[in-house]
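Okay, structure first, notes after.
What follows is calculated from the coordinates using simple rules that are stated; it is not laboratory data. None of these values were measured; they are calculated from a predicted model. Methodologically, a virtual Cβ is constructed for each residue, glycine included, from the backbone with ideal geometry; neighbour enumeration extends over all protein chains shown.
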């Protein structure tokens, strides 16, 4: 007689076919913990990657500016289109300068945008009046950083390594 109740349970599988509420909640908690770990570990890596990508672009533009100066004899001016003179030959008043231009100095299609979609900033600096630093470049090249505001603490700039100082951009951030 013991066989009848056992066979009834085996024939009626609907009692054990689904998941309990506790099992479903446990799976949801595990998924949420994995998502939280992903956010904690991946977001800082993404921010560091954006900063490093922008630094690399600034170094590439700086090298292109130096090559432009070697060919033309000076850095591009605002009248010549600023950084645009690295991609497209500007209209020079002096024909000999036009003959010296051997660009494009950056790969065609290069966008002069940082990782956050902001234009790179290229400003001429008058170094003739500043006697304190003879190694200063005659231009300022930087990215406005994630906030898109100029002259804030999150701006990404490159400094000349010859002066012996290191900017936060010359050493890659270990912990952004």
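Subtract the Cα-Cα distance of residue 91 and residue 153 from 0.36 nm times their separation in residues, and report this length gain in nm to one decimal.
18.7 nm
Arranged from highest to lowest average of other beta-carbon atoms within 10 Å per residue, in what order do the peptides 24-36, 87-99, 110-122 appear?
110-122, 87-99, 24-36
Between residue 42 and residue 124, what's the calculated FRET efficiency when r is the beta-carbon distance and R0 is 35 Å? Round to 0.05.
0.30
Counting pairwise Cα distances across the range 40-163, what percent come out greater than 17 angstrom?
Looking at the range 40-163, the distances longer than 17 Å represent 61 percent of pairs.
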